[in-house]
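The values are calculated or read from the model by the stated rules, or taken from the named source; none is laboratory data. As the structure is a prediction and not an experimental result, all values here were calculated from the model. Please note: Cβ atoms are built from the backbone with ideal geometry, for glycine as well, and neighbour counts cover all protein chains shown. Ligands, DNA and RNA are stripped out before the accessible areas are found, and what is left, the full protein with its side chains, is counted by its heavy atoms. Shrake-Rupley method; radii C 1.70, N 1.55, O 1.52, S 1.80 Å.
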Amino acid sequence: MSENKSKTGYWILFLVSLVAIVGLLIFLPQAFWLALPTTVGGFAMAMDWI
């Protein structure tokens, strides 16, 4: 049961960082790389690849 809760947290982490990365792409494109590791890592953990 705690595994489902942690996956939910990983999906939330991914979605929040995805919003941040889109905002960075729109307003500050050179800072795109700052949010990339969190977005990719959150997606990998949410898909249970790690």
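Odds and ends about this structure:
- Taking segment 4-23 as the range and being over 9 Å from the mean Cα position of the chain (by Cα) and within 18 Å of Ile50 (Cα to Cα) as the test, the residues that pass are Asn4, Lys5, Ser6, Lys7, Thr8, Gly9.
- Unique residue being surrounded by fewer than 12 Cβ atoms within 10 Å (Cβ to Cβ), of a type in the set (Phe, Trp, Tyr) and in a helix (DSSP H, G or I) when the list is Trp33, Trp11, Trp49: Trp33
- Within segment 36-50, residues that are of a type in the set (Gly, Ala, Ser) have Cβ atoms under 8 Å from residues that are open to solvent by less than 90 Å² (accessible area, probe 1.4 Å) in these pairs: Gly42/Tyr10; Gly42/Leu13; Gly42/Phe14; Gly42/Ser17; Ala46/Lys7; Ala46/Tyr10; Ala46/Leu13; Ala46/Phe14, counting only partners at least 6 apart in sequence or on another chain.
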